Amino acid sequence: MNYLELTLIIGGGSFVAGLLGALTGLGGGVVIVPLLTLALGVDLRYAIGASLIAVIATSSGAAAAYVKEGYSNIRIGMFLEIATTLGALGGAFLAGVLSTQVIAVIFGFVLIYSAYLSSKPKEDHSNDIQPDPLAVRLRMNSSYPTSEGMKQYTVHNVGTGFGLMGLAGVLSGLLGIGSGAVKVLAMDHAMRLPFKVSTTTSNFMIGVTAAASAGVYLNRGYIDPGLAMPVMLGVLAGSLFGARVLMAAQVKALRIVFGIVILVMGIEMIYNGLAGKI
Amino acid sequence: MEEKNFRNKSSVSPESSKWTDLRVEIIIGNLLRIGVIIAATVAFLGGVFFLISHGIEKPNYHFFNSEPSPLRSVGGVISEAISLHSSGIIQLGLLLLILTPIARVAFSIFAFLEEKDHLYVIVTLIVLTFLLFSLSGGKL
């Protein structure tokens with residue numbers, strides 16, 4: 001296989017990943033690494049470097065559309081980015097120390113957890129209990145537009161959310177993914193944000209988190225131009241196209257299919273990691 | 001003292017503060033969009049040149065042997081791109097993409113300064129420091 005063929009195959013695969021990621025809301029980044037390593041035999045470190053680039057591209061591209069709707073909360077995002085960027089630096093450091101087998105096994109478990117989360121319906125938390133006093137001091141409580149006008153929300157468990165975000169950052173830096181699954185856990189379940197606010201704020205943060213580890217990866221020589229270029233352009237085109245057709249698609253069936261694909265990839269990553277084939 | 005200021009600040013009417021937030025978010029949205037478009041265009045052009053000159057060569061990605069040193073640092077990537085090496089141009093596109101969210105964070109400092117929200121100026125400076133530390137390869 002020469003460069004031209006490989007570029008077209010990777011570009012096509014990344015387009016599909018970006019499309020499914022946008023349609024299902026799971027993000028395309030999570031399947032790029034298994035696609036490159038399991039299907040094309042690319043070294044795990046190159047694959048993670050390319051995936052980080054794709055994650056920054058989709059996050060920044062989509063954030064431009066989201067911010068105008070007024071759902072995202074830049075204060076919550078910026079405060080939690082202290083945790084995610086520090087975690088991402090730690091994760092990028094770990095990626096240089098841990099063996100690729102160990103990274104593959106961790107990756108597999110994160111994939112399986114993402115698949116499990118995608119099978120559960122999204123819950124919207126109401127604000128019936130006292131907000132965290134820290135959230136008041138940090139000016140996090142805000143409002144968002146609903147069909148009945150602006151609705152107030154309060155933020156809970158800031159400390160737990162901050163800790164979980166640190167973990168999301170570590171996984172992002174170690175595995176080259178957006179860690180959407182852990183961010184949902186932190187913002188929906190711990191901080192009890194309305195899910196429109198948490199999804200858009202999380203998307204807003206993903207690019208900054210990925211940039212924190214991408215610098216380290218670039219300096220280590222893990223970002224290869226020939227590989228990252230088709231991944232970035234493919235995922236970007238796929239996710240932009242996905243956002244356009246979102247209204248017409250049968251999202252529920254797609255989520256199930258994509259969830260199963262992620263589950264199978266997770267099991268295969270763990271198997272390959274344990275068998276030393278990665 | 002700091003805390004007193006801060007409390008006064010939060011008693012500002014929500015509408016005026018919301019308006020500023022929204023305006024900031026729209027500028028940030030456009031900044032991100034422009035950054036991504038420029039980065040993707042540069043990477044695409046570099047990719048076309050790369051495939052014209054190396055398209056029929058056989059890549060080896062099965063074994064890891066780190067990128068050559070010019071493609072591993074900000075200065076190296078820029079000089080490779082200026083000498084019009086195709087892989088340097090792609091790498092410049094990727095670097096511009098990495099810089100896009102960093103520019104967003106840097107811009108937020110000015111936005112929080114304008115809102116006199118000193119707490120968040122500090123928060124944002126911390127995040128920016130981590131990002132620049134990473135980009136410099138830990139040599140800050």
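The values are calculated or read from the model by the stated rules, or taken from the named source; none is laboratory data. Predicted, not measured: the structure shown is a model, and the values here were computed from it. So basically every Cβ, Gly included, is an ideal-geometry build from the backbone, and we count neighbours across all protein chains shown.
Let me confirm something: among A:TYR217, A:TYR222, A:TYR271, which residue is in a helix (DSSP H, G or I), more than 19 Å from the chain's Cα centre (by Cα) and among the hydroxyl-bearing types (Ser, Thr, Tyr)? Talk me through it step by step, then tell me what you get.
Details: A:TYR217 fails: more than 19 Å from the chain's Cα centre (by Cα); A:TYR222 fails: in a helix (DSSP H, G or I).
Going through A:TYR217, A:TYR222, A:TYR271 in turn, just one is in a helix (DSSP H, G or I), more than 19 Å from the chain's Cα centre (by Cα) and among the hydroxyl-bearing types (Ser, Thr, Tyr): A:TYR271.
So is A:SER119 within 30 Å of A:ARG192 (Cα to Cα), of a type outside the set (A, V, I, L, M) and either touching a Cys at 6+ places or on another chain (Cβ under 7 Å) or at pLDDT below 90 (or both) or not?
Taking the combined requirement at face value, the residue satisfies it.
Tally the residues that are more than 9 Å from chain B (Cβ to nearest Cβ) and free of Cβ contacts under 8 Å to residues at least 24 places away in the same chain, restricting the search to the range A:203-245.
1
Kindly provide the set of residues from the range B:72-96 that are within 7 Å of chain A (Cβ to nearest Cβ), in contact with a Gly (Cβ under 7 Å, 6 or more places away or on another chain) and within 22 Å of B:PHE133 (Cβ to Cβ), ordered by number.
Scanning the range B:72-96 gives B:ARG72, B:SER73.
Taking the stated definitions as given, is B:SER69 over 17 Å from the mean Cα position of the chain (by Cα), surrounded by fewer than 24 Cβ atoms within 10 Å (Cβ to Cβ) and closer than 15 Å to A:VAL216 by Cα?
Numbers: over 17 Å from the mean Cα position of the chain (by Cα): yes; surrounded by fewer than 24 Cβ atoms within 10 Å (Cβ to Cβ): yes; closer than 15 Å to A:VAL216 by Cα: yes.
Here the answer is yes, as B:SER69 does meet what is asked.
Only one residue in A:ILE10, A:ILE74, A:ILE106, A:ILE53 is within 11 Å of chain B (Cβ to nearest Cβ), β-branched (Val, Ile, Thr), over 14 Å from A:PRO230 (Cα atoms) and in contact (Cβ under 8 Å) with a residue 12 or more places away in the chain, so which one is that? Outline the logic, then answer.
Working: A:ILE10 fails: over 14 Å from A:PRO230 (Cα atoms); A:ILE106 fails: within 11 Å of chain B (Cβ to nearest Cβ); A:ILE53 fails: over 14 Å from A:PRO230 (Cα atoms).
Of A:ILE10, A:ILE74, A:ILE106, A:ILE53, the one residue that is within 11 Å of chain B (Cβ to nearest Cβ), β-branched (Val, Ile, Thr), over 14 Å from A:PRO230 (Cα atoms) and in contact (Cβ under 8 Å) with a residue 12 or more places away in the chain is A:ILE74.
Is one or more of the residues making up the range B:57-79 of a type in the set (Phe, Trp, Tyr) and either touching a residue at least 24 places away in the same chain (Cβ under 8 Å) or farther than 20 Å from A:THR7 by Cβ (or both)? Full working, then the answer.
Within the range B:57-79, the subset of a type in the set (Phe, Trp, Tyr) is B:61, B:63-64.
Of the ones still in play, those that are also either touching a residue at least 24 places away in the same chain (Cβ under 8 Å) or farther than 20 Å from A:THR7 by Cβ (or both) are none.
No, because not a single residue in the range B:57-79 is of a type in the set (Phe, Trp, Tyr) and either touching a residue at least 24 places away in the same chain (Cβ under 8 Å) or farther than 20 Å from A:THR7 by Cβ (or both).
Scan B:ILE102, B:ILE34 and give me the residue that is among the aliphatic types (A, V, I, L, M) and either touching a strand residue (DSSP E or B) at 6+ places or on another chain (Cβ under 6 Å) or at the interface with chain A (Cβ under 7 Å from one of its Cβ atoms) (or both).
B:ILE102
Which members of the range A:56-71 meet the condition of being free of Cβ contacts under 8 Å to residues at least 24 places away in the same chain and either part of a loop (DSSP other than H, G, I, E, B) or under 30 Å from A:GLU268 (Cα atoms) (or both)? Can you show your working first?
Of the range A:56-71, the ones free of Cβ contacts under 8 Å to residues at least 24 places away in the same chain are A:64, A:68.
If the condition is that a residue be free of Cβ contacts under 8 Å to residues at least 24 places away in the same chain and either part of a loop (DSSP other than H, G, I, E, B) or under 30 Å from A:GLU268 (Cα atoms) (or both), then A:LYS68 is the only one that fits.
Given the options A:GLY238, A:GLY178, name the one that is part of a loop (DSSP other than H, G, I, E, B) and of a type in the set (Gly, Ala, Ser).
Details: A:GLY238 fails: part of a loop (DSSP other than H, G, I, E, B).
The unique qualifying residue is A:GLY178.
Just to be sure, is A:PHE79 aromatic (Phe, Trp, Tyr), more than 10 Å from every other protein chain (Cβ to nearest Cβ), buried (at least 21 other Cβ atoms within 10 Å of the Cβ) and in contact (Cβ under 8 Å) with a residue 60 or more places away in the chain?
Numbers: aromatic (Phe, Trp, Tyr): yes; more than 10 Å from every other protein chain (Cβ to nearest Cβ): no; buried (at least 21 other Cβ atoms within 10 Å of the Cβ): yes; in contact (Cβ under 8 Å) with a residue 60 or more places away in the chain: yes.
Criteria not met by A:PHE79.
If a residue has to be within 25 Å of A:ILE206 (Cα to Cα), hydroxyl-bearing (Ser, Thr, Tyr) and modelled with pLDDT of 90 or more to count, how many in the range B:67-104 make the cut?
1
Counting just the residues of the range B:88-140 that are in contact (Cβ under 8 Å) with a residue 60 or more places away in the chain and more than 30 Å from B:LEU45 (Cα to Cα), which one comes out surrounded by the most Cβ atoms within 10 Å (Cβ to Cβ)?
From the range B:88-140, those in contact (Cβ under 8 Å) with a residue 60 or more places away in the chain are B:96-97, B:99-101, B:103-104, B:107-108, B:111, B:114-119, B:135-137; that's our starting set.
The next check asks that each one be more than 30 Å from B:LEU45 (Cα to Cα); those that pass are B:108, B:111, B:114-119.
Values: B:SER108: 26, B:ALA111: 20, B:GLU114: 10, B:GLU115: 17, B:LYS116: 12, B:ASP117: 21, B:HIS118: 14, B:LEU119: 18.
Applying the filter and picking the extreme gives B:SER108.
Would you tally the residues in the range A:13-50 being crowded, with 24+ Cβ neighbours inside 10 Å and free of Cβ contacts under 8 Å to residues at least 12 places away in the same chain?
Qualifying residue count for the region: 0.
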